[in-house]
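A short worksheet on the structure shown next.
The values are calculated or read from the model by the stated rules, or taken from the named source; none is laboratory data. Keep in mind that this is a model prediction, so the values were computed, not measured. Ideal geometry is used to build each Cβ from the backbone, glycine not excepted, and the neighbour counts take in all protein chains shown. The protein model used for the area step is the full one, side chains on, heavy atoms only, and it has no ligands, DNA or RNA in it. Shrake-Rupley method; radii C 1.70, N 1.55, O 1.52, S 1.80 Å.
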Amino acid sequence: GFGSRTVAEDLVSLTGLGLGSLDVWQSGVGGTGWVKGGPNLLNLHDRMLPDGVNANGDLYVIAMGVNDGTGIQSAVEDALAILRAGVPSSRIIMIGPWNPGGPGGAEKPAVAAEIKAALALFPEIAYIDASRLSFTTIDGVHPDAAGHWTIAEWLTASVQGVLVADGLMDAGVQG
C-alpha cells in the first residue's frame, strides 16, 4: 500500500501475517470508495463480484468509507448483498471509517452511521469502530511505514477479538 516500505509491509499483508495467514488478497484501489470511482477505476460495489465473491475467501475484512461522503447506504447494502449471496458461509467484518483528522473528517461520523444502518440488514456482519484509531501519515491521509504497522497491529487485535468471540480462533493463538 501507499506509504509502506515494501508490498509485504503494507497494513493488509501485515494483518494477514498477524492472523496466521499467508494467503491474503486485497482489493484496494486508491481514491475509490463504496460509490466513488474514477477514470478506469471501479468503486467497491462494482469490484465486489470479481474481487470479493470470485476470491471465495473464508474471511472478508472490509475497510471503506474514507473516500466517500454521505449518501452511501444503498451502495453498502447492495455490495454486501452481492458478497453475502456469493459467499454465504464466509465471515465478514466491517471496519468503520478511520483517520478523523484526514479529509472529510467531519463527515466520517455520518458515513459510519450510514454503514451501520446498512449493516442492520446483515446482523451476522461484525462492525469494528475505527474512529479513534490514530497513526502516522506520509501526507496527512495515507499511513507512512510506521502507520501501516500501527494499523496492522490494531486491526489484527480487533479481528482476532471478533474471531475469538465467534469461536473461530482460540484466544491464545496468534499468527
Among what's in segment 138-152 and is outside any helix (DSSP H, G or I) and of a type in the set (Val, Ile, Thr), pick the residue that is farthest from Ala106 (Cα to Cα). Ile138
Filtering segment 42-69 for residues that are open to solvent by 70 Å² or more (accessible area, probe 1.4 Å) and over 20 Å from Val87 (Cα atoms) leaves a count of 1
Yes or no: Ser158 open to solvent by 70 Å² or more (accessible area, probe 1.4 Å) and either of a type in the set (Lys, Arg) or out of contact with any His (no Cβ under 7 Å at 6 or more places or on another chain) (or both)? no
Please go through segment 24-34 and give me each residue that is more than 25 Å from Met169 (Cβ to Cβ) and surrounded by fewer than 20 Cβ atoms within 10 Å (Cβ to Cβ), ordered by number. Val29, Gly30, Gly31
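In segment 9-30, how many residues are more than 20 Å from Leu44 (Cα to Cα) and assigned to a helix (DSSP H, G or I)?
Applying the first criterion (more than 20 Å from Leu44 (Cα to Cα)) to segment 9-30 yields 9, 14-23.
With the extra rule that they be assigned to a helix (DSSP H, G or I), the set shrinks to 9, 14-18.
Qualifying residue count, segment 9-30: 6.
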Has segment 122-137 got at least one residue that is open to solvent by less than 50 Å² (accessible area, probe 1.4 Å) and part of a helix (DSSP H, G or I)? no
Got a number for residues in segment 94-121 being surrounded by 15 or more Cβ atoms within 10 Å (Cβ to Cβ) and in a loop (DSSP other than H, G, I, E, B)? 7
Among the listed residues Ala120, Ala145, Ala165, which satisfies the condition of being at pLDDT 95 or above and not hydroxyl-bearing (Ser, Thr, Tyr)? Ala120
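Residues checked against (1) in contact with a strand residue (DSSP E or B) (Cβ under 9 Å, 6 or more places away or on another chain); (2) modelled with pLDDT of 90 or more:
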{"site": "Ser4", "(1), (2)": "yes, no"}
{"site": "Ala8", "(1), (2)": "no, no"}
{"site": "Leu59", "(1), (2)": "yes, yes"}
{"site": "Gly69", "(1), (2)": "no, no"}
Scan segment 52-61 and give yes if some residue there is farther than 21 Å from Leu163 by Cα and either outside any loop (DSSP other than H, G, I, E, B) or touching a Gly at 6+ places or on another chain (Cβ under 8 Å) (or both), otherwise no. yes
Just give me the residues in segment 1-23 being under 21 Å from Gly96 (Cβ atoms) and surrounded by 14 or more Cβ atoms within 10 Å (Cβ to Cβ), in sequence order. Gly1, Gly3, Asp10, Leu11, Val12, Leu14, Thr15, Gly16, Gly18, Leu19
What pairs can you find where one residue is in segment 116-131 and farther than 16 Å from Ser90 by Cα, the other is of a type in the set (S, T, N, Q) and part of a loop (DSSP other than H, G, I, E, B), and their Cβ atoms are less than 9 Å apart, with a gap of 6+ or different chains? Ala130/Asn99
